[in-house]
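Student: Structure incoming, see below.
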């Protein structure tokens with residue numbers, strides 16, 4: 001039964017995404033302009049880091065290549081999730097205007113419908129930027145690429161994307177109770193990826209502990225990246241703690257799934 005629901009959800013998601021992609025490609029010039037605009041906007045984030053390094057040689061003990069590595073991994077992982085789940089922030093609006101009812105009466109998992117709704121292919125610009133900067137950093141890092149470091153790089157990106165996906169889903173679930181909470185969700189998703197673009201050494205120990213044991217954003221890229229870069233853990237955790245990222249991602253997704261189910265059960269139609 002669970003496998004059947006998963007298959008139905010993935011199939012519905014793919015069909016809805018395909019519909020929106022075909023709609024987008026009907027106006028290709030407009031898509032290219034919007035994608036380039038999205039790329040330019042995200043590039044401004046890194047421009048700030050570039051300006052910092054025009055005045056300093058290191059940031060929290062990390063040089064430009066290392067900070068770029070953090071930026072690239074965080075941006076790539078978040079970009080993958082933002083592309084696939086970025087529409088989750090619209091849940092609050094659907095709850096307010098009653099259009100959530102339309103999704104509930106369809107024989108398709110609601111989560112798949114919400115995630116694929118108004119799929120914005122232009123968000124691929126963030127992924128392109130993240131991959132480009134990640135590639136540049138890899139070419140300039142002085143790292144001994146042992147097998148464990150090579151393995152940890154793709155694991156970090158996929159696990160980080162899954163952790164961000166869990167945040168998107170949990171934030172959307174919260175909007176069933178607080179329908180005007182889209183900005184709260186953005187504070188943890190968009191705000192989280194911005195924080196992870198900088199070294200953990202520039203933040204207080206209390207904050208690093210909070211994003212380790214309370215909201216485990218540190219497993220998106222900080223802890224795996226510290227192992228790859230050969231840096232000590234700022235809160236004294238073992239060097240191999242970065243390899244726990246997949247387990248943290250699975251736990252986060254499971255909790256987000258429970259929150260989503262609870263949110264759906266708590267939903268009350270507006271009657272409109």
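Student: Among the candidates 44, 51, 36, 59, single out the residue that is crowded, with 16+ Cβ neighbours inside 10 Å and at negative phi.
Tutor: 59
Student: Do we have any residue at all in the stretch 66-77 that's in contact with a strand residue (DSSP E or B) (Cβ under 8 Å, 6 or more places away or on another chain) and within 22 Å of residue 138 (Cβ to Cβ)? Outline the logic, then answer.
Tutor: First, the residues of the stretch 66-77 that are in contact with a strand residue (DSSP E or B) (Cβ under 8 Å, 6 or more places away or on another chain): 67, 70.
Narrowing further to those that are within 22 Å of residue 138 (Cβ to Cβ): 67, 70.
Yes, the stretch 66-77 contains a residue that is in contact with a strand residue (DSSP E or B) (Cβ under 8 Å, 6 or more places away or on another chain) and within 22 Å of residue 138 (Cβ to Cβ).
Student: Identify the residue in the stretch 105-129 that is assigned to a helix (DSSP H, G or I) and without any contact (Cβ under 8 Å) to a residue 60 or more places away in the chain and, among all such residues, is farthest from residue 186 (Cα to Cα).
Tutor: Applying the first criterion (assigned to a helix (DSSP H, G or I)) to the stretch 105-129 yields 110-116, 121-129.
Among the residues that remain, those that are also without any contact (Cβ under 8 Å) to a residue 60 or more places away in the chain are: 114, 127.
Details: 114: 17, 127: 18 Å.
Of everything passing the filter in the stretch 105-129, 127 is farthest from residue 186 (Cα to Cα).
Student: Being modelled with pLDDT of 90 or more, part of a helix (DSSP H, G or I) and closer than 30 Å to residue 218 by Cβ narrows it down to one of 84, 43, so name that one. Even if it seems obvious, please write down each step before you answer.
Tutor: Numbers: 43 fails: modelled with pLDDT of 90 or more.
Answer to the check: 84.
Student: Right, here's the next one. Residue 154 passes all but one of (1) closer than 28 Å to residue 43 by Cα; (2) in contact with a helix residue (DSSP H, G or I) (Cβ under 9 Å, 6 or more places away or on another chain); which number fails?
Tutor: (2)
Student: To continue, here is another question. How many of the residues in the stretch 210-244 are within 20 Å of the chain's Cα centre (by Cα), touching a residue at least 24 places away in the same chain (Cβ under 8 Å) and loosely packed, with under 15 Cβ neighbours inside 10 Å?
Tutor: Total satisfying the criteria: 1.
Student: Looking at the stretch 143-164, which of its residues are assigned to a loop (DSSP other than H, G, I, E, B) and touching a residue at least 40 places away in the same chain (Cβ under 8 Å)? Give the steps one after another, and end with the answer.
Tutor: If we filter the stretch 143-164 for residues that are assigned to a loop (DSSP other than H, G, I, E, B), which is where we start, we get 143-146.
Residues satisfying the conditions are 143, 144.
The values are calculated or read from the model by the stated rules, or taken from the named source; none is laboratory data. This one's a predicted model, so the numbers in the text were calculated from it and none came from an experiment. FYI the Cβ positions are ideal-geometry reconstructions off the backbone, even for glycines, and counts take in every protein chain you see.
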